[in-house]
Amino acid sequence: MLTIKISQLQFGHIMKRYYLAFFFIAFGLSTVAQQVPDTTFKFEVTQSAYEDSKGPIILIDEAHNNLHTRNGGFKAFSMLLEQDGYRTKGLNKQVLDNTILEDCEILVIANALHESNLGNWTLPTPSAFTKKEIEEISAWVKQGGSLLLIADHMPYAGAANDLANQFGFTFLNGFAMTGDQFWPPSVFSIENGGLIESSATQGSKDYEKINSLATFTGSAFKIPNDATPVIKFSEDHISLQPDTAWRFDENTPVKNLEDYYQGAVHEFGKGKIAVFGEAAMFTAQKANNTKAGFNSPYAPNNAQFILNLIHWLNDVEDYLGPLIEITDSTTEYNAIIQANKEMENAYHANDFKKVASFYADNAVMVGNKHQVESRASIDDYWLGLKDRGISWKLENVHLETHDTIAIQRGISRMKFLHDGSEHLSEVRFTLVWKKINGEWRIELDHYSLL
């Protein structure tokens, strides 16, 4: 393995800028107790795959010292799937005979750990699964079962590697990160090439299509040639490879993550497997005042992605649950659509200061391979279009509200002058709106080219 070492200067830069900021949500030994499931965030399922409690059984592994269990770290994950009509149950038995799984449609294994690494996140990290279990799980998938395997950063990646190997995947037992930072989370989008479009991610209906995903550190892995990638690292991503979790110094090896992945799906025999190198993206957690998971403003599409993925694993074709229609009589819906119109009108009136006023002071804009954040920077971004705007149309595709939070997906078509010529910018956008002092303001604006 080709590795490099962090210089003292580089290491100091990493720790100074990011480690302390990430400390409160990091998934190391010192902070596990601070993390609690966020059961207050509710994703509005437009139409459930099944009627309430009538869907297939999804078993969540709890027999391997798992950090995330049905009523623990994956409580929000379980609640989301139950909203979709599935029945979730904890599995506290080792799979020594795959008849244990005969009533199960999908088996979820998240952050399993060998008992020798309990309270001891150091190398070596033996397999959390016996050879017999690996054989039985593999046979069950080959016969038509579906497996969702999730392994976070070291030591979890190491503990899951033998099971992953059985399906052709190979985990890197480290800490995946963007450049020199743990926080904010990595955002993989269709635009930046990190999110790969497939039936497993895009769903079957227009409102299910997503353009970005956020992950919160985690691990990286190699995939078999015939697997379908979902999340692909870029050359800007690296993996820190410590011998003890969360202990980094100038001698910590670093691996470049080009040609590595953090998500992929694969058909295996008659069954299916989905492998992911990050667990927080599948749930919702809070640590102090920081949110990590699909409740985070950085992750407006994660909950929908989870449903899309589960539907792929379950071969869902027709939705059987009731369709929830969002009508124009919905007060909050109307307020946001009106805000869209006011933004368009301000654009046409050359009042870009007003356009910028629809963004919260702590808002973040992500798109075109760059990020704009802070009140001053967002003002500068919009004022840069002064005297150059021609027309702007915001087309709403899907809008859902949750008390003081709303998520809107749509298409923006903007005409403007650039170097004296007329240009048309067409992008797909996801907006996270937050109600501040009674007014809806944009907290996250993520856009990618159509």
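Readers should treat all values here as calculations from the given coordinates under stated rules, not as data from a laboratory. From a predicted model like this one, the values you see are computed outputs, not experimental measurements. When we count neighbours, we look across all protein chains shown, and the Cβ atoms used for this are built from the backbone with ideal geometry, even at glycine.
Fewest first, what order do 440, 433 take by the number of other Cβ atoms within 10 Å? List each step's numbers first, then the result.
Details: 440 22, 433 26.
In order of increasing Cβ crowding within 10 Å: 440, 433.
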* Structure fact -> CD proxy, 222 nm, the chain: helix-only mean residue ellipticity via -39,500 (n - 2.57) per DSSP H run with n ≥ 4, per residue, nearest 500, stands at -5500 deg cm²/dmol
* Per-pair calculated FRET efficiency, R0 = 25 Å: residue 403 and residue 353 via Cβ, rounded to 0.05 -> 0.30
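When only C-alpha pairs under 8 Å and at least 6 residues apart count, what is the relative contact order of the stretch 353-450, in percent?
Working: 194 pairs, mean separation 26.6, N = 98.
27 percent.
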* Between [x] 21.9; [y] 23.3; [z] 27.9, which matches mean projected area of the Cα convex hull in nm² calculated for the structure shown? -> [x]
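I'm checking a number: the convex hull volume of the Cα atoms of the stretch 193-248, normalised per residue, in Å³. What is it?
On the way: hull volume 6.4 nm³, N = 56.
Normalising the Cα hull of the stretch 193-248 by residue number yields 114 Å³.
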* Asked: With charges set only on the Cβ (+1 for Lys and Arg, -1 for Asp and Glu), what does the dipole of the chain come to about its Cα centre, in debye to the nearest 20?
  -> 740
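Which number comes out as Rg/Rh for the stretch 350-450 once both Rg and the Kirkwood Rh are worked out on C-alpha atoms?
Values: Rg = 13.6 Å, Rh = 14.2 Å.
Taking Rh as the inverse mean 1/r over Cα pairs, Rg/Rh reads 0.96.
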* Of all DSSP beta bridges located in the chain, what percent are antiparallel, nearest 5? -> 75
* Structure fact -> Taking 364, 230, 254 and counting other beta carbon atoms within 10 angstrom, the fewest-first order is 254, 364, 230
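For the stretch 4-314, what does the relative contact order come out to in percent, with C-alpha contacts under 8 Å and a separation of six or more? Kindly include the intermediate steps, with their values, before the conclusion.
Numbers: 723 pairs, mean separation 66.5, N = 311.
Once normalised by length, the contact order is 21 percent.
Any of 42/369; 54/132; 232/255; 222/272; 353/393; 232/272 with alpha carbons more than 25 Å apart? Name them for me. Before the final figure, lay out each step's value.
Working: 42/369 30 Å; 54/132 32 Å; 232/255 15 Å; 222/272 17 Å; 353/393 18 Å; 232/272 20 Å.
Beyond 25 Å: 42/369; 54/132.
Give the order of 404, 215 when sorted by the count of other beta carbons within 10 angstrom, beginning with the fewest.
On the way: 404 12, 215 25.
Listing 404, 215 from fewest to most nearby Cβ atoms yields 404, 215.
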* **Fully extended contour minus Cα-Cα distance, from residue 170 to residue 369, at 0.36 nm per residue** => 68.7 nm
* For the stretch 331-449, what is the charge dipole size about the Cα centre, in debye to the nearest 20, if Lys and Arg each add +1 at the Cβ and Asp and Glu each add -1 at the Cβ? -> 140
* Which of 68, 365, 268, positive extreme of dipole for the chain (C-beta unit charges) -> 365
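Provide the FRET efficiency to the nearest 0.05 for the residue 222-residue 422 pair, computing r from the beta carbons and using R0 = 41 Å. Present the calculation step by step, with values, prior to reporting the outcome.
On the way: r = 46 Å, r/R0 = 1.13.
The calculated FRET efficiency here is 0.35.
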